[in-house]
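Bear in mind that the values in this text are calculations on the coordinates, not laboratory data. Since the structure is predicted, the reported quantities are computational estimates derived from the model, not experimental observations. As a convention, Cβ positions derive from the backbone with ideal geometry for all residues, glycine included, and neighbour counts pool all protein chains shown.
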Amino acid sequence: MAEQLPYWNAETLEEVVSYRAKILGPSVWAAARPDAGPIISFAGGLPDIPSLPGEQILKAARVVIDREQKEALEYAGTFGTMPLRQEIATRSSEIEGVPVAVGQVIISSGSAHGIGMVCETLLDPGDIVLTESPNFPGSMRTIRSFGAEQIAIPMDEDGLRTDALEAELQKLEDQGKRAKFIYCIPTHQNPAGITLPLDRRVKMVELAHRYRTFILEDDAYGELWFQENPPPSLFALSHGDHGIKVSSFSKIIATGLRMGWVMGPEPLISRLAAVRYDMGSSVFQGRVIAEMLRNGDVDHHIANLRGVYARKLERVESALARYCGAHCTWRSPKGGFFLWLKLHPGMASADVAAAAMQRKVVVGQGPQFFADGQATNHLRLAFSYVAMEDIEEGIQRIGEAMAEVAGRA
């Protein structure tokens, strides 16, 4: 009997996998995670490990089990657990300065899942999405997976250029087309660290109204400001109409919880729930987070995190001035996890990243941050995860890598 090849091989897979799977290819998406071995990593947008609120989570979990075990260990429906939705609606009404109803909130398994739900509900192959560039590669990957065409809207030192956005929207209208939505991270942007000023936010909302589209606002870092509260969100400026806001507890509590939420107009939130095929995100974890919001632990924890990340940024910038100032420039972020370094002309970011890796330091770089694949000579430093005691040594090694590449250039 002739030997038969295994049924599941590369050729068979290409015959049976879905349209979305073919778009994405065989590579597995993995968000940044801690690097193995004696490496100093500025690559991952991850929270500070010593600051994880284990005791507060344990305390809230004990309360939930003692007080509401039955409800916490049952299904809660596709909108997510009601106590968490209520706490988010109440707290968001205070933060946003506009009323947010429970019906405007749906719980997701992190902000990436929330963005995926929005895309699954709204995108068809061939739809057009306007995406600020540079941007978070995970979200761009999700949008691409639904067969949408992404048009890059460039940024300057103040964030998304609303003049370029207006020109692209008008160009589409002249062609008889319309953008399905505009995707952006207006506050403490990933990777650039920029916070979009109020006048541009107002202009974006006005453009969304005029051209009959809306803004998908990714707000994973919005509460991690250092000196002053950022401008009102695009969701708030549009009164929850032309702005959909996706947020996450990953950066303000812990990534391992995998809990986030989407806020938007009630009719759209209902359609997100209608498309959803599961019975909602973790009810138990949702009730634990609701208890932490109710007892004030989340707000106290966020206030502590602001101080931790502000001190880390101060140390990073001090070391950059000492070791890297001759080879790059940067703009100090007002919050969040990231510094965006612009290398001097003639220095390629890939070369600097490779030279840094030889010195056991990891940084973020490359075309993955750009919707059009047109990478610039920038490096992203995530200062949130690296240990405070490793910052100076890590930046010194990056400076040595820059000097090596500059010498070759």
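A few comments on the model shown:
- The chain: relative contact order in percent, alpha carbon pairs under 8 Å with at least 6 residues between: 23 percent
- The calculated 222 nm mean residue ellipticity attributable to helices in the chain amounts to -13500 deg cm²/dmol, summing -39500 (n - 2.57) over DSSP H runs of n ≥ 4 and dividing by all residues.
- Alpha-carbon centroids, segment 57-113 and segment 138-171: separation in whole Å: 32 Å
- Whole-angstrom gap from segment 358-399 to segment 247-273, using each part's C-alpha centre: 28 Å
- Between Ser108 and Gly260, Trp261, Val262, the built amide H atoms are under 5 Å apart, and every one of these is 5 or more places off in sequence or on another chain.
- In straight-distance terms, cross-link reach from Lys22 covers every one of the aspartates and glutamates whose alpha-carbon lies under 19 Å from its own, apart from those fewer than eight places away in the same chain; here that gives Glu11, Glu14, Glu120, Asp124, Asp127, Glu149.
- Cβ-Cβ FRET estimate between Ala403 and Ala310, R0 fixed at 25 Å, reported to 0.05: 0.30
- Cross-link pairs Lys70/Lys251; Lys177/Lys342; Lys203/Lys251 - those with Cα-Cα distance over 32 Å: Lys177/Lys342
- Cα shape, segment 89-245, gyration tensor, a/c 1.5 rule: rounded
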